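Here the structure comes first, spelled out in structure tokens, and everything after it is commentary.
The values are calculated or read from the model by the stated rules, or taken from the named source; none is laboratory data. None of these values were measured; they are calculated from a predicted model. Using ideal geometry, Cβ is built from the backbone for each residue, glycine included, and neighbour counts are taken over all protein chains shown.
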Amino acid sequence: MKAIDRDLLQRLSAQAVDSGRRRANYNFHPEPADGVQRFCNAIEPGSYVRPHRHPAAGRWEFVLALRGAAVLLSFDDQGQVRERLVLSPDGACRGAEIPGGTWHTLAALEPGTVLFEFKPGPYSPTADKDFVAWAPPEGDAACPRFERWFTIARIGDRVSPLG
């Protein structure tokens with residue numbers, strides 16, 4: 001059996017801290033072709049997740065907070081925040097399902113944040129995600145500004161080209 005225990009959460013968080021992307025995954029599914037993708041995702045403050053959507057029919061995603069806290073945002077096509085949820089195992093909202101075709105991102109609010117995610121497979125890196133045009137690709141100099149904005153954005157706020 002594969003367990004989600006304290007050791008796994010600690011090890012994953014340490015890997016995220018040491019990672020250039022400030023994230024680390026632990027997959028429970030055996031391979032990308034598996035019909036159900038399920039994994040722990042450790043994410044540290046400062047990790048930039050470019051807003052994206054899963055365009056294929058039936059490609060929802062579910063996120064559950066195991067430790068720490070993260071903000072989950074959804075957007076319209078122009079970058080206006082439609083929904084904002086703070087996910088935390090001790091908070092009012094612990095998890096959320098993101099419907100397919102919904103532009104979304106998340107950002108860690110606390111060090112040591114670990115999320116459990118699951119979604120339909122198989123995973124195909126070239127077909128899994130569409131990225132928004134109004135947010136920079138990973139590695140761009142503007143990414144830190146966008147990531148900071150994600151942590152404070154409210155419903156109705158619109159992203160600016162300067163983040």
Practice task
For Thr151, state whether it is under 20 Å from Arg67 (Cβ atoms), of a type in the set (Ser, Thr, Tyr) and without any contact (Cβ under 8 Å) to a residue 60 or more places away in the chain.
Solution key: no
Completion exercise
Looking across the range 1-57 at residues that are among the hydroxyl-bearing types (Ser, Thr, Tyr) and farther than 17 Å from Leu72 by Cβ, the single one that is surrounded by the fewest Cβ atoms within 10 Å (Cβ to Cβ) is Ser19
Practice task
Using the structure shown, decide if Gly68 is among the small types (Gly, Ala, Ser), crowded, with 20+ Cβ neighbours inside 10 Å and on the phi > 0 side of the Ramachandran plot.
Solution key: yes
Exercise for the section: Examine the range 82-101 for a residue that is over 23 Å from Cys143 (Cβ atoms), touching a residue at least 12 places away in the same chain (Cβ under 8 Å) and in contact with a helix residue (DSSP H, G or I) (Cβ under 8 Å, 6 or more places away or on another chain), and state whether such a residue exists. Expected result: no
Practice task
Would you mention how many residues in the range 35-58 are assigned to a strand (DSSP E or B) and under 18 Å from Arg23 (Cβ atoms)?
Solution key: 8
Exercise for the section: Might you let me know whether the range 41-52 holds any residue that is among the charged types (D, E, K, R), over 14 Å from the mean Cα position of the chain (by Cα) and over 18 Å from Asp130 (Cβ atoms)? Expected result: no
Practice task
Have a look at Gly139, Gly156 and point out the one that is in a loop (DSSP other than H, G, I, E, B) and either without any contact (Cβ under 8 Å) to a residue 60 or more places away in the chain or buried (at least 18 other Cβ atoms within 10 Å of the Cβ) (or both).
Solution key: Gly139
Fill in the blank from the handout: Counting only residues in the range 59-76 that are of a type in the set (D, E, K, R) and in a strand (DSSP E or B), the one farthest from Asn41 (Cα to Cα) is identified as Glu61
Problem - Meets criteria (surrounded by 12 or more Cβ atoms within 10 Å (Cβ to Cβ), small (Gly, Ala, Ser) and modelled with pLDDT under 95) for Gly101 - result: yes
Exercise for the section: Go through the residues of the range 54-74 one by one and say whether even a single one is out of contact with any Cys (no Cβ under 8 Å at 6 or more places or on another chain), closer than 26 Å to Ala141 by Cα and at pLDDT below 95. Expected result: yes
Problem - Options Val49, Val71, Val36; residue that is touching a His at 6+ places or on another chain (Cβ under 7 Å) and β-branched (Val, Ile, Thr) - result: Val36
Completion exercise
Checking Tyr26, Tyr48, Tyr123 in turn, the sole residue that is without any contact (Cβ under 8 Å) to a residue 60 or more places away in the chain, of a type outside the set (D, E, K, R) and either in contact with a Pro (Cβ under 8 Å, 6 or more places away or on another chain) or more than 20 Å from Ile155 (Cβ to Cβ) (or both) turns out to be Tyr26
